[in-house]
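Structure record follows, encoded as structure tokens.
The values are calculated or read from the model by the stated rules, or taken from the named source; none is laboratory data. What you see is a predicted model; the values in this text were computed from it and never measured. FYI the Cβ positions are ideal-geometry reconstructions off the backbone, even for glycines, and counts take in every protein chain you see. Protein only, heavy atoms only, side chains kept; ligands, DNA and RNA dropped before computing areas. Shrake-Rupley method; radii C 1.70, N 1.55, O 1.52, S 1.80 Å.
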Amino acid sequence: MTKKRRILTGITTSGIPHLGNLSGAVLPAIKASENKDTSSFLFLADYHSLIKNLDPILTHESSFEIAACWLACGLNPDKVTFYRQSDIPHVFELTWVLSCLSAKGLLNRAHAYKASVSNNELAGSKDLDKGITMGLFNYPVLMAADILMFNANIVPVGQDQKQHIEMTRDIAARFNHHYGDTFTIPEALIDDEKGVLPGLDGQKMSKSYKNVIPVFTDKDSLRKAVMKIKTNSKAPGEPKEIDDSTIFKIYKSFASIEEINKLALEYKKGIAWGNAKEILFNKLEDSLANYKSEYTRIVNDRSFVEKTLIEGSRKALEISLPLMQKVRKAVGIKGFAKLK
Ligand code: TRP
């Protein structure tokens with residue numbers, strides 16, 4: 001029997017589930033988990049949330065909502081390992097070990113850190129590290145530990161996370177070179193075809209940009225959100241481009257090929273933006289309906305979610321414990337004698 005490929009991905013729990021989470025992570029990961037040649041590790045990156053906010057209620061509620069979102073969208077906890085990062089203490093132990101092998105220069109080049117430094121520069125701050133925590137700086141190492149702890153082969157991520165996977169490979173190779181073969185070198189899986197889902201303003205849909213369309217919201221709020229999507233000023237009747245249209249890109253993520261082609265034709269014929277938004281709104285209402293009803297059921301049963309995650313962490317710990325023991329031994333942290 002050949003060994004199954006391990007696919008691993010996580011979502012930072014610092015906001016409400018949005019369409020970008022769904023089309024970029026949740027739905028493709030659930031689909032991949034149905035392939036019998038893969039085993040999937042899907043987790044709530046709850047300690048990553050502290051990098052972005054220090055609000056305990058936000059972190060807690062977001063963790064719950066994102067967990068319920070995975071389950072509402074069809075994740076089968078018997079088929080995948082579905083867990084909370086914070087339930088796996090080995091991840092944090094490994095983070096320290098990996099920190100000691102990570103070049104500071106490597107982390108200096110991380111996009112998230114560099115963006116914060118350049119914001120300080122633009123704001124004319126004397127201290128370029130103003131407001132930057134060690135959490136933000138070390139974040140790629142925590143992410144490397146998430147991945148290496150389960151010897152994942154494949155990590156599906158958005159384009160913006162590619163650099164972190166490269167860093168993970170670099171750190172794993174260093175460890176293996178110094179201490180002997182221990183970690184699988186993972187590969188990023190980036191869906192270039194669909195690209196990154198844009199938000200209301202056309203930038204990547206992300207809680208950091210405050211441009212998200214929530215998944216689990218009522219009809220009126222969903223319509224309001226869709227109506228806020230930014231468009232260019234082309235008038236009704238004027239042919240419109242699909243490539244730079246946020247409405248079209250979001251529609252593409254949820255519609256069938258026939259529907260996509262049909263809307264593309266309408267664009268050529270000069271559909272009014274208002275009508276295109278209406279079509280998108282109806283499509284979203286339709287595609288999200290089943291997830292929404294499941295979600296309503298699940299959020300009312302917090303103990304089901306809790307039990308599922310505890311069961312998931314039990315499975316995850318079966319892998320993380322022996323690997324951490326191997327790592328400890330490799331670095332020279334071990335008992336002095338076997339006691340009887
Ligand atoms: N940093 C990722 C994001 O913001 C979330 C994440 C944390 C992750 N750890 C991970 C993704 C490990 C893949 C693998 O999107």
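Side notes on the structure shown:
- Being under 26 Å from the mean Cα position of the chain (by Cα), within 27 Å of residue 200 (Cα to Cα) and surrounded by 17 or more Cβ atoms within 10 Å (Cβ to Cβ) holds for only one residue in 277, 249, and it is 249.
- Once segment 38-62 is narrowed to residues that are closer than 16 Å to residue 89 by Cβ and not hydrophobic (A, V, I, L, M, F, W, C), the residue that is nearest to the ligand (Cβ to nearest atom) is 48.
- Here residue 160 fulfils each of the conditions (1) acidic (Asp, Glu); (2) under 25 Å from residue 307 (Cβ atoms); (3) touching a residue at least 12 places away in the same chain (Cβ under 8 Å) apart from (2).
- From 229, 271, 260, residue being in a helix (DSSP H, G or I), at pLDDT 95 or above and open to solvent by less than 100 Å² (accessible area, probe 1.4 Å): 260
- Tally, over segment 66-87, of residues that are more than 16 Å from the ligand (Cβ to nearest atom) and touching a residue at least 24 places away in the same chain (Cβ under 8 Å): 8
- Enumeration of residues in segment 174-216 that are among the β-branched types (Val, Ile, Thr) and open to solvent by 30 Å² or more (accessible area, probe 1.4 Å): 184, 185, 190, 196, 212
- Elements of the type helices (runs of 4 or more DSSP H) sitting completely within segment 1-92 and holding at least 2 residues that are surrounded by 24 or more Cβ atoms within 10 Å (Cβ to Cβ): these cover 56-72.
- Matching entry among 222, 197, 189 (being more than 16 Å from the ligand (Cβ to nearest atom) and closer than 27 Å to residue 30 by Cα): 222
- Qualifying residue in segment 120-135 (condition: open to solvent by 30 Å² or more (accessible area, probe 1.4 Å), assigned to a helix (DSSP H, G or I), touching a helix residue (DSSP H, G or I) at 6+ places or on another chain (Cβ under 7 Å) and closer than 25 Å to residue 329 by Cα): no
- A single entry from 207, 162 fulfils the requirement of being within 30 Å of residue 64 (Cα to Cα), assigned by TED's automatic domain parsing to the domain that holds residue 11 and out of contact with any Leu (no Cβ under 9 Å at 6 or more places or on another chain): 162.
- Output for segment 153-166, where each listed residue is at pLDDT 95 or above, surrounded by fewer than 21 Cβ atoms within 10 Å (Cβ to Cβ) and within 12 Å of the ligand (Cβ to nearest atom): 154, 163
- For residue 150, the conditions (1) open to solvent by less than 50 Å² (accessible area, probe 1.4 Å); (2) within 20 Å of residue 9 (Cα to Cα); (3) not in a loop (DSSP other than H, G, I, E, B) are fulfilled apart from (3).
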